[in-house]
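K.L.:
The structure under discussion is supplied below as C-alpha cells; questions concerning it will follow.
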Amino acid sequence: MINTPYQFKSLASRVRGMHGALDADELAKLLGVAKVTILRRAKRGEIPSFRIGTMVRFDPQAISRWLFEQGVQSLSSPKRARNPPRTIQMVAGVLGRP
C-alpha cells in the first residue's frame, strides 16, 4: 500500500460530504455535463431535486444516493467511439447519454 496523505474518494462520497444545497451550475461542474442537461433531467424527475421559488436546488445527500444507485448501471452502458475519461463515461451513463 502506498503511504500518502491524499485520500481517494468516489464522486458520490465527495458530494455526500458537501454542506448546503447545490445549484445546477455546481452540480453540472461536478458531473462534467451541461447545466441544461441537469435542469432538463431534474424537470423530468430523473435527478433528485427541489425548488425554492423559481430556483432548482439539489440536496447533496440525495445526489450521493442517486449516484450510488445509478453507478452500477452506468458501468454496463455502451461506450462512445472515442474514449473520454472514465469519469465522464460513468456520469454520461448515469445521465443516460451514450
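K.L.:
Highest mean first, what order results for 19-32, 42-55 on Cβ atoms within 10 Å?
P.N.:
Going by the mean number of other Cβ atoms within 10 Å, highest first, we get 19-32, 42-55.
K.L.:
Using only the alpha carbons, work out the radius of gyration and Dmax of the stretch 24-66 in angstrom.
P.N.:
Radius of gyration, then largest Cα-Cα span, for the stretch 24-66: 9.4, 26 Å.
The numbers here are math on the coordinates, done by the rules we state, and not lab data. Note that the structure is a prediction, hence the values are computed from the model and not measured. As a convention, Cβ positions derive from the backbone with ideal geometry for all residues, glycine included, and neighbour counts pool all protein chains shown.
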